[in-house]
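What follows is a set of notes on a single structure, which appears directly below.
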Amino acid sequence: MIYEETWRKSSYSKGESNCVEVADTTGLGVAVRDTQNRELGHLGFSAEAWGVFLRDVKTDRL
């Protein structure tokens, strides 16, 4: 279960309203949702998949 207080905005949002929020989930990895459409739910990723995604973004592979 994800509790509302665990969501945090992406550090790349720089205070803008168009951003994503992430939450660590117990035993499941990471959940990601759109800040402007929270009611639509979230996407879930394993910790390993999220780590690969972050690495690829930081090294301009994506």
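Placing +1 on the Cβ of every Lys and Arg and -1 on the Cβ of every Asp and Glu, with no other charges, gives the range 4-58 a dipole of roughly 200 debye about its Cα centre.
Taking 7 Å steps out from each Cα toward its Cβ at Phe53 and Glu39 produces label points 2.4 nm apart. Using a/c under 1.5 as the rounded threshold, could you call the range 4-58 rounded, prolate or oblate? The axes a ≥ b ≥ c are square roots of the C-alpha gyration tensor eigenvalues, and prolate needs a/b larger than b/c, oblate otherwise. Oblate.
Arranged from fewest to most other beta-carbon atoms within 10 Å of their beta carbon, Asp60, Asp24 become Asp60, Asp24.
Read the figures in this text as sums done on the coordinates, not as results from a lab. All values reported here derive from a predicted model rather than from experimental measurement. For neighbour counting, all protein chains shown are included, and Cβ atoms are generated from backbone atoms with ideal geometry for every residue, glycine included.
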